[in-house]
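Peer 1: I have a structure here, written as structure tokens, and I will follow up with some questions on it.
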Amino acid sequence: MRAIGPEKDLAKPMDQASKSDGDQASSQGAGPFAAIDPGRSKCGLVISDNQASAILFAAVLPPQRALAQLRQWQEQHSPLVAVLLGNGTGSGPWRPWLAPIAPLILVPEAGTTLAARQRYWQLEPAQGWRRLLPQGLRQPPRDWDDVVAQLLLERHLGRSLPRRLTQTPSDSPRDQD
């Protein structure tokens, strides 16, 4: 695989003219944002702090568990300002699921998978023998859908966010099948 370009180009905020008035207002509100990289069997989920200055929760979860996590967050913490959803082919079913939780903002997913691989190594520097590999040859040792979700949020906000994780996926609710 070859990278398309530098990450900073892929993490640029959407053009303001492409956002609706509701999207612009919600990006200025106080409170946490959530971002989802949607998928059928798994999805990336991140939730920011109230100032949208850091990521407090990041996980790769099955879809129903991600929805349960968002609902739990709404009940136990500040209401979400908005949920950012990647606009790829897997986003269709998510739209009605997310509508009752918070306002929805669609964010372009183009190039995020490749950019997320680079961002992964910034968030979790290579250890052991992986340090010896050139960055272009490194593959993260786990799914990185949460990093894609973080890139969607960073793209929307126009800035990078550090991770200050306060909750782990094991603390999140289980599926109620």
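Peer 1: Which one of these is of a type in the set (A, V, I, L, M) and farther than 18 Å from Ile47 by Cα: Leu80, Leu137?
Peer 2: Among Leu80, Leu137, only Leu137 is of a type in the set (A, V, I, L, M) and farther than 18 Å from Ile47 by Cα.
Peer 1: I've got another one for you. For the stretch 146-170, give me each residue that is in contact with a Leu (Cβ under 8 Å, 6 or more places away or on another chain) and charged (D, E, K, R).
Peer 2: Asp146, Glu154, Arg155, Arg163, Arg164
Peer 1: From the residues in the stretch 107-160 that are in contact (Cβ under 8 Å) with a residue 40 or more places away in the chain and of a type in the set (Val, Ile, Thr), which one is farthest from Ala59 (Cα to Cα)?
Peer 2: Here the residue is Val107.
Peer 1: Now a separate question. Which of the residues that make up the stretch 71-111 are farther than 19 Å from His156 by Cα and crowded, with 20+ Cβ neighbours inside 10 Å?
Peer 2: Across the stretch 71-111, the qualifying residue is only Trp73.
Every number in this text was worked out from the coordinates using simple rules, so none of it is lab data. All values derive from a computational prediction rather than experimental measurement. A quick note on method: Cβ atoms are made from the backbone with ideal geometry, for glycine too, and the neighbour counts reach across all protein chains shown.
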